[in-house]
Amino acid sequence: MAILDQLRSPGGCPWDGEQTHQSLVEYLIEEAYESVEAIDANDSEAMCEELGDLLLQVVFHARISQEQPGGWDIDAVIDGITEKLIRRHPHVFADGLATQGNDAHTSADVEIDWHERKAKEKKRDSVTEGIPEALPALMRAQKLISRSKSVAVPDPAYLAETHEIVDSLGSEEQLGDYLFALVSSASSRGLDSEAAVRKAVLRRMQEIRSNE
């Protein structure tokens, strides 16, 4: 924060001084993807570096907001996530203190409870709300599936066939090759796989909303 103060102050760096929340969006996305790349490569040293770059974006945005009337600072960011973590883990924390030996929840139960509590806090009417539209289609599909586990929605007619295909694949690597082959085959026929999954997600969202 002290370094950002100097960079943003008179006599500091002209480039850093003229940045805004909006101008930094591309860097926030870029650093997030570079962090993912380091994780996928299992490169611990690169991961440390890229997470530092990502942290810089958080600090940068906090510094910009701090300059604005009624803005928040890095302490507000940290306080906010601290309170949220405690609030959304009632199976672990009681009045801010850890409850020892509490194994009443499975990981799946915790995930469902998390999304339900988040929906109540955000005053959302559907578990489909709050999933960023800008996410890549596959990531958005994964997020929707994760959030909608508690909603009873009829399975697609071809689900059993899909299960058979996935069961026949021996690893995540083979799944990746299979998905790549699907994209390749679709592309050769003039079909846009990203658009197809995006539209499938929207259809599924409508089905979930009608069953909530």
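What follows is calculated from the coordinates using simple rules that are stated; it is not laboratory data. Nothing here was measured: the structure is a model prediction, and the numbers come from that model. Cβ sites come from the backbone with ideal geometry, for glycine too, and all protein chains shown count toward neighbours.
Computed values, structure above
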{"quantity": "5 angstrom amide H check on Phe93, placed H, neighbours 5+ away", "calculated": "Thr99"}
{"quantity": "Residue exposure sequence - Leu56, Leu144 - by fewest surrounding Cβ within 10 Å", "calculated": "Leu56, Leu144"}
{"quantity": "Neighbour-count order for Ile29, Ile86, fewest beta carbons within 10 angstrom listed first", "calculated": "Ile29, Ile86"}
{"quantity": "Label-to-label distance, nm, for residues given as Asp75 and Glu133 (7 Å Cα→Cβ offset)", "calculated": "3.8"}
{"quantity": "Two-site label geometry, Arg189 and Glu45: point separation in nm, points 7 Å out along Cα→Cβ", "calculated": "4.7"}
{"quantity": "Percentage relative contact order, the range 2-83, counting C-alpha pairs under 8 Å, at least six apart", "calculated": "24"}
{"quantity": "Answer label, with Kirkwood radius over Cα pairs in Å calculated from the coordinates and candidates [x] 17.7; [y] 19.0; [z] 21.3", "calculated": "[z]"}
{"quantity": "Helix 172-188 axis, angle to the chain major axis (alpha carbon atoms, nearest 10°)", "calculated": "80"}
{"quantity": "Residue order, fewest to most surrounding Cβ atoms within 10 angstrom, among Ser148, Ser210, Ser126", "calculated": "Ser210, Ser126, Ser148"}
{"quantity": "Relative contact order of the chain, pairs being alpha-carbon contacts under 8 Å that are 6 or more residues apart, as %", "calculated": "14"}
{"quantity": "Where chymotrypsin sites (Phe, Trp or Tyr not before Pro) in DSSP loops with at most 14 other Cβ within 10 Å are excluded, longest remaining stretch of the chain", "calculated": "73-157"}
